[in-house]
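Take a look at the structure below.
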Amino acid sequence: MARFLGIFVLVIAALGALSASASAITNGEFDGNRHPYAGALVVDGRPACSAVLVSPTVVVTAGHCVMGHAVVSVGFESTLDPSSPQLMTGTPYVDTTPGSDLAVVVLDRPATVAPAKLPTARSLERVRTVVAVGYGYYDLKPELLFDGQRRAASLEVKSLTQATVELKERKDGTVCFGDSGGPQLDGDTVVAITLGGGKHCKGASTGYRLDTPSARGFLSAYVALP
């Protein structure tokens, strides 16, 4: 079963028991400004998850990242500073459809970066490789290592379910804690968002599809769809 990779502060105790090393969006490359619409989600002043801008005022992330919070912040700098005045506040809305793990954050003011594109219906069925982007941990050993850097890695599609995409294992690692909610991209189109990965941030990983009728039905209340 996929393992959620959301809020950093909730997994620290559990991570102390892990012994194998991992690196984030692991072994990902520093993203720099290649995907400026990929954002970092800050909850209660601390890094929590990743996210993606899909319109000037709408950010998509995983539902478990914002559940129970009335206000969150999002930053789009390639290196996250949780205390930066450039962070943008917004109101989260979680999809309550059974089985969904999807949410949007409606920003209080428009972002200054260009948004990513949303997919057309069922378009992920034609995709063979995605680029995952996020701000997750880059190592678990000898201690939890987080540097706030946005990273990206190419991952092959293994299989699809009605709601999710499973990505093939990478022996050098894959998504890690904090990458949850970040975009899985086909070009500049967000076909899915990261949900979870294997133990020790290695092995196969899972994304929540944005091209399904259920996801599109939720998103259409907040943003125009192609």
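The values are calculated or read from the model by the stated rules, or taken from the named source; none is laboratory data. Fair warning: this is a prediction, and the values are worked out from it, not measured in the lab. Every residue, glycine as well, gets a Cβ built from its backbone with ideal geometry; the counts of neighbours run over all protein chains shown.
For this structure, a couple of remarks:
- Filtering region 84-115 to residues that are of a type in the set (S, T, N, Q) and in contact with a Ser or Thr (Cβ under 7 Å, 6 or more places away or on another chain) leaves T89, T97, S100.
- Filter result for T57 (in contact with an Asp or Glu (Cβ under 9 Å, 6 or more places away or on another chain), surrounded by fewer than 24 Cβ atoms within 10 Å (Cβ to Cβ), among the β-branched types (V, I, T) and at pLDDT 95 or above): yes
- Conditions (1) crowded, with 24+ Cβ neighbours inside 10 Å; (2) at pLDDT 95 or above; (3) not in a strand (DSSP E or B): number failed by R216: (1)
- Annotation note: of A103, A20, A24, A51, the sole residue that is within 14 Å of the chain's Cα centre (by Cα) and at pLDDT below 95 is A24.
- When residues in region 79-96 are screened for being part of a loop (DSSP other than H, G, I, E, B) and at pLDDT 95 or above, 3 of them pass.
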